[in-house]
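Report on the following structure.
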Amino acid sequence: MASPKFHKLGERPLFRTHMLEIVAGTFEGPGGETFERDIVHHPGAVIVVPLDEATDEVVLVRQYRAPLDIELLEVPAGKRDVKDEPLELTAARELAEETGLEAGRLELIGHFYNSPGFCDEESWCYLARDLHPVASSRHGIEEEHMTVERFSFSGVGELVRSGEITDAKTIVGLLLAQAAIS
């Protein structure tokens with residue numbers, strides 16, 4: 001016997017920016033009841049785990065995050081803000097912009113939904129290997145002031161446990177990378 005299903009009936013716009021749209025979605029529950037939820041539509045993002053296998057180091061960035069008013073230690077990442085750009089090109093561009101590195105090999109290792117309770121943002125995670133330096137071209141004041149830092153890849157679990165890494169996409173990306181190389 002199939003379980004009862006939820007159905008989306010429609011949505012109405014509430015607010016739009018150049019990157020995000022907030023809508024009120026109307027849904028029908030399994031018993032026929034209707035309800036509304038606020039939803040943020042997001043273009044999606046890529047994250048990159050740059051791994052220097054020769055030194056067993058992962059390359060991370062420390063970046064100011066205005067909503068939290070703190071700096072976070074993160075994997076390089078970025079919104080899919082170039083219309084119709086292939087995921088792999090977005091990942092390569094973000095890696096070069098933020099770290100000044102290019103990958104000889106870029107492998108898709110997973111994808112996930114960031115905050116599905118209110119947002120449809122989906123992130124695609126790439127493992128970057130065979131790294132070599134290129135010119136970086138940072139955009140925005142936060143990127144201009146970010147730092148690039150290297151950490152032992154085998155020691156990132158302790159960085160998460162200690163609270164040095166608290167960014168969810170970074171935690172997920174590191175876990176996917178560890179699974180991909182084991």
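The values are calculated or read from the model by the stated rules, or taken from the named source; none is laboratory data. These figures come from a predicted structure and were not determined experimentally. Here the Cβ positions follow ideal geometry from the backbone for every residue, glycine too, while neighbour counts run over all protein chains shown.
Observations, loosely collected:
- Residue list for region 111-146, restricted to those being assigned to a strand (DSSP E or B) and either under 17 Å from the mean Cα position of the chain (by Cα) or closer than 30 Å to Ile22 by Cα (or both): His111, Phe112, Tyr113, Cys119, Glu122, Ser123, Trp124, Cys125, Tyr126, Leu127, Ala128
- Only residues that are at pLDDT 95 or above and among the hydroxyl-bearing types (Ser, Thr, Tyr) were counted across region 120-153, and they come to 4.
- Criterion: touching a Gly at 6+ places or on another chain (Cβ under 7 Å) and farther than 23 Å from Met146 by Cα - qualifying residue of Phe15, Phe35: Phe35
- Residues of region 54-86 that are of a type in the set (A, V, I, L, M), more than 13 Å from the chain's Cα centre (by Cα) and farther than 18 Å from Ser154 by Cα: Ala66, Leu68, Ile70, Leu72, Val82.
- Of the strands (runs of 3 or more DSSP E) lying entirely inside region 1-110, those containing at least 3 residues that are among the hydrophobic types (A, V, I, L, M, F, W, C) and either touching a residue at least 24 places away in the same chain (Cβ under 8 Å) or touching a helix residue (DSSP H, G or I) at 6+ places or on another chain (Cβ under 8 Å) (or both) are 45-52, 57-65.
- Single unsatisfied condition, Arg12 versus (1) surrounded by fewer than 16 Cβ atoms within 10 Å (Cβ to Cβ); (2) within 19 Å of the chain's Cα centre (by Cα): (2)
- Counting the residues of region 1-45 that are within 26 Å of Thr90 (Cβ to Cβ), in contact with a Lys or Arg (Cβ under 7 Å, 6 or more places away or on another chain) and hydrophobic (A, V, I, L, M, F, W, C) gives 3.
- Scanning region 156-168 for residues that are without any contact (Cβ under 8 Å) to a residue 60 or more places away in the chain and surrounded by 12 or more Cβ atoms within 10 Å (Cβ to Cβ) turns up Gly157, Glu158, Val160, Ala168.
- Extreme residue, surrounded by the most Cβ atoms within 10 Å (Cβ to Cβ), among residues of region 17-43 that are among the charged types (D, E, K, R) and touching a His at 6+ places or on another chain (Cβ under 9 Å): Glu21
- Checklist (1) within 15 Å of the chain's Cα centre (by Cα); (2) farther than 30 Å from Arg37 by Cβ applied to Ala96, failing item: (1)
- Residues within region 56-83 that are of a type in the set (D, E, K, R) and either surrounded by 18 or more Cβ atoms within 10 Å (Cβ to Cβ) or outside the structural domain of His111 (by TED's automatic domain parsing) (or both), tallied: 3
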